[in-house]
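Novice: Take a look at the following structure, please.
Only the coordinates and a few stated rules stand behind these numbers; no lab work does. All figures in this text were calculated on a predicted structure; none of them were measured in a lab. No Cβ is skipped: glycine too gets one built from the backbone with ideal geometry, and neighbour counts run over all protein chains shown.
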Ligand SMILES: [Zn+2]
């Protein structure tokens, strides 16, 4: 009779899988990469419109680098090519986001951060002019 223990732990393998640190890195990469879809979906549902939050790009970059590391370790050329260049637009989007954040100005009336080129403060409604300071 086969016991539950035999199903879970068979021939020194947990769930029939030969585990290693690299297997863990590959699975973590998959989990991180896949989680970005749920994060993006959640943010879009929350805002009632399609949005791509900055965490999406961080999850994409992190997941890709983990999966690329695993692919290189496995010496799998198809898998390596799938992730060898996909990190470039993720990194570029993070750079663009950082530049946009740095271009924000501060409202002289309420002191809150305001998107660049705003005519009015979205927080207090004050009319913005050239006196608003960029930081
Ligand atoms: Zn304001």
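Novice: Restricting everything to alpha-carbon atoms, can you work out Rg to Rh for segment 1-56 with a Kirkwood hydrodynamic radius?
Specialist: We get a ratio of 1.31 for segment 1-56.
Novice: Starting from the Cα gyration tensor of segment 4-102, take the square roots of the eigenvalues, sort them a ≥ b ≥ c, and report rounded, prolate or oblate (rounded when a/c is under 1.5, otherwise prolate if a/b is larger than b/c, else oblate).
Specialist: Numbers: a/c = 3.64, a/b = 1.73, b/c = 2.11.
It comes out oblate by the Cα gyration axes.
Novice: Where the centre of each part is set by its Cα atoms, how far does segment 48-74 sit from segment 9-41, in angstrom?
Specialist: 15 Å
Novice: OK, next. Averaging sequence separations of C-alpha pairs under 8 Å and six or more residues apart, then dividing by the length of segment 1-70, give the relative contact order as a whole percent.
Specialist: 34 percent
Novice: For helix 87-102, report the angle its Cα long axis makes with the longest principal axis of the Cα atoms of the chain; keep it between 0 and 90° and round to the nearest 10°.
Specialist: 30 degrees
Novice: So what is the 222 nm mean residue ellipticity for the chain from helices alone, if each DSSP H run of at least 4 adds -39500 (n - 2.57) and you divide by all residues, rounding to the nearest 500 deg cm²/dmol?
Specialist: My calculation for the chain gives -19000 deg cm²/dmol from helical runs alone.
Novice: While we're here: Using only Cα atoms, tell me the angle between helix 21-47 and the longest principal axis of the chain; keep it within 0 to 90° and round to the nearest 10.
Specialist: Here the helix axis deviates by roughly 40 degrees.
Novice: Between residue 80 and residue 45, what is the label-point separation in nm under the 7 Å Cα-to-beta-carbon projection?
Specialist: Distance between label points: 4.0 nm.
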